[in-house]
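The values are calculated or read from the model by the stated rules, or taken from the named source; none is laboratory data. Computed from a predicted model, the values in this text were never measured in an experiment. Quick reminder, even Gly has a Cβ in these numbers, built from the backbone with ideal geometry, and neighbours come from all protein chains shown. The accessibility values were calculated without ligands, DNA or RNA, using every heavy atom of the protein model including side chains. Shrake-Rupley method; radii C 1.70, N 1.55, O 1.52, S 1.80 Å.
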Amino acid sequence: MPKVTIDGEQIEVPDGATVLQACELAGKEIPRFCYHERLSIAGNCRMCLVEVKPGPPKPQASCALPAAEGQEIRTDSQMVKLAREGVMEFLLINHPLDCPICDQGGECDLQDQSVAYGRGGTRYYENKRAVTEKYMGPLIKTVMTRCIHCTRCVRFSEEIAGVDEIGALYRGESMQITTYLEKAAAHELSANVIDLCPVGALTSRPYAFEARPWELKKTLSIDVSDAVGANIRLDSRGREVLRALPRINDDVNEEWLSDKGRYMVDGLTRRRLDKVWIRKGGKLQAATWLDAFAAIKRAKPGASIAAIAGDVVDCETMFAAKTLLGAMGSTLLEGRQTGMSYPTGNLAAVNFNSTLAGIETADAILIVGSHVRWEAPLVNVRLRKAVKRGAKVFVVGPHWETTFPAEFLGDDAAVVHELPGHVTEALAKAERPAVIVGGAGLAAGVLDAALALDVQRDGWNGFNVLHMAASRMGGLMLGFAQKGGIADIARAEPKVVLALGADEVDWSQFAGSLKVYIGHHGDKGAHAADIILPAAAYSEKDGTYVNTEGRVQFAEKAVFAPGDAREDWTILRALADAFGVRVGFDSLAELQAKMISEVPALGVEGLASYGKLPKAGKTKAKGAIRYPIQDFYLTNPIARASVVMQRCSAELLHGEDLAEAAE
């Protein structure tokens, strides 16, 4: 490890570190625009200049200079100060004075660094150049005159997303950043370039002119659009969530977020259920809470009551429902809405055991029945990293456009029993082999065939199941599953079915049941319901979520639910009173304490331990694999209510042009 001296202080730095990284280890702040920890080094903004001896008597770009034994580095000399002032002056030569109307204002790197490192005046009085606007789709607003050509967006698209859609045209002062043919950036992670852009060239189109950062209340939360459980921050004003931004968590989402998780938040205020409804004469009519509870009580379900959990429900809601049903003598619980019925006795067999960060290190990967780009875009990012390190990827299922080299083996599930020789050989020779079973694979019964594959090594478990629902692993930990799935509950013909935000169920199976929908959107479940009890969305309550790798995470309440809507657990607690049973909790704290006493893992933030994998059964996989997600942007009731997601679906997936008002 080389020793370097930084501003008179000697430190040791890791081999291969750059001078910029060495300065940061020493606690020095180095300004930068083009450098980013997760992207390749471009070295083109020159803002990170420092003085280095031995070396030429001029400032050098610290991001592209390796740290070497015996270097003397100055970050605060007069030469460095003047050099940074000069660089900032050049960057601002063509930058417009848009700060009062720029959405980046208040959180702009260019603003901050011009104040800290700029001259405070300009010597340039020529006309500023202007760049024509570029269209980058319904999510990204562009004002390319502001662009300083840091190329972060270009490098993100190529290196992280794996979609070469953004690049540079022309040279010198004529250089422009644009999408090729000026088409929309059509991939699932496109809006991350907004976070990366250090100026106001790329900003959020749906959020344009909505708020300034100092007006917003910031709340730590968890993304429920898929099962990855990306860490997010909800920014709200009053009772409305205005935007969702990713938080850094290297174990889960690094610092990225899918476009759906980022932009479906406008659906939180649309098509909301904010009052109680009871169906009379085939039509829903507004009612009171007392009317609804009286109607449910009149059904006299006794032990003939079931609960079906939706895809975005928190653990507290599911536990409250389980406790209520347990007090009434029922065990009819299910969360797999679409009818899947894989065994859940050993949760290691339905967990992403390699962990999301660990899959990057796999060297041979078999994907069975998973369109990873749509089911978990952030896992796709990890798979790209694995391929860059030399991993071979094989896919069983219909073809989808991967962002890395992969071999498709056909869409017949039976292929898993008799893999081609070169695939078997690659898995056998791999030091860290992995198999990823998706929702389509589970539906085709490939679980036992996948368990039979030898993907375990000393200190490595390569068996993974990639779920699609944010509530799935939490529900399985709480026992929200029947041996035969939804079909078992339908056969039991319960008098009352509690639908906890369940919108993907085929409700024709429950024609003879009283269907009570406890949820937040007037979606498919509400359309089929006999009684609607308005509940809180994920942004309107504290909750515990478990992602597909078994990681327990906590989300905080950002805003209050609208109208008469109440937090789900309070509705279930009131139902207990209506039925005359005791559930043992009167507050959220009591509920959480009771839940943690029954499932201790839910009280500890981090990875839950599920033990060893079970032995493979004898179930034979059969049939053609069909991916369950047909539209990436419209997979849950919040997204379906979102105008932004509807527009993305129409324009990016179905090629529809948006009609302007004059048309």
Requested in this report: Would you kindly work out the equivalent ellipsoid of segment 68-201 from its C-alpha gyration tensor and give its semi-axes, the square roots of five times the eigenvalues, largest first in whole Å?
Outcome: 28, 20, 14
Report summary line: Once THR5 and ASP164 are pulled to full extension, the length gained, defined as 0.36 nm per residue separation minus their Cα-Cα distance, is 53.2 nm
Query raised in the report: Relative contact order for the chain using alpha-carbon pairs under 8 Å, separation at least 6, rounded to a whole percent?
Result: 14 percent
Report task. List the chymotrypsin sites (Phe, Trp or Tyr not before Pro) within segment 350-446 that fall in a DSSP loop (any state other than H, G, I, E or B) and whose Cβ has at most 11 other Cβ atoms within 10 Å. Result -> none
Report summary line: The FRET efficiency for ALA286 and VAL643, from their Cβ-Cβ distance with R0 = 30 Å and rounded to 0.05, is 0.75
Query raised in the report: Counting only protein heavy atoms and using a 1.4 Å probe, what share of the accessible area of the chain belongs to carbon plus sulfur, as a whole percent?
Result: 51 percent
Report summary line: Between ALA593 and LYS622, Cβ-based FRET efficiency (R0 51 Å, step 0.05) works out to 0.65
Report task. For the chain, report the accessible area per residue in Å² (1.4 Å probe, heavy atoms, rounded to an integer). Result -> 41 Å²
Query raised in the report: VAL505's amide H: which non-local residues (gap 5+, or another chain) put their own amide H closer than 5 Å, with H modeled 1.01 Å from N in plane and none for Pro or chain starts?
Result: none
Query - Shape of segment 210-321, Cα gyration tensor, a/c cut at 1.5 - result: prolate
Query raised in the report: Against the longest alpha carbon principal axis of the chain, how many degrees, from 0 to 90 and to the nearest 10, is the axis of helix 568-579 turned?
Result: 10 degrees
Report task. Take every Cα pair under 8 Å in segment 1-122 that's 6+ residues apart, average their separations, divide by the length, and report that relative contact order as a whole percent. Result -> 25 percent
Query raised in the report: Where in segment 124-155 is the amide nitrogen less than 12 Å from a point lying 7 Å along the Cα-to-Cβ axis of GLN176?
Result: 130-135, 144-145
Query raised in the report: For GLU69, what is the net charge nearby, where nearby means another residue's Cβ is under 11 Å from its Cβ and Lys, Arg count +1, Asp, Glu -1?
Result: -1
Query raised in the report: What figure in square angstrom, to the nearest 10, would you give for the accessible area of LYS58 with a 1.4 Å probe?
Result: 120 Å²
Report summary line: Scoring only Lys, Arg, Asp and Glu (+1, +1, -1, -1) among other residues with Cβ under 9 Å from the Cβ of LEU478 yields 0
Query raised in the report: Roughly speaking, what is the stretch gain from ALA650 to GLN456, that is 0.36 nm per residue apart minus the C-alpha to C-alpha distance, in nm to one decimal?
Result: 65.5 nm
Query raised in the report: What are the residues whose amide H is under 5 Å from the amide H of ILE140, where those residues sit 5 or more places off or on another chain and H is modelled from the backbone?
Result: ARG205
Report summary line: Quick shape check on segment 534-645: root eigenvalues a ≥ b ≥ c of the Cα gyration tensor, a/c under 1.5 is rounded, otherwise prolate if a/b tops b/c, else oblate, and it reads oblate
Report task. Over segment 419-510, consider all pairs of different Cα atoms and compute the Kirkwood hydrodynamic radius from their mean reciprocal separation; express it in Å, one decimal. Result -> 16.1 Å
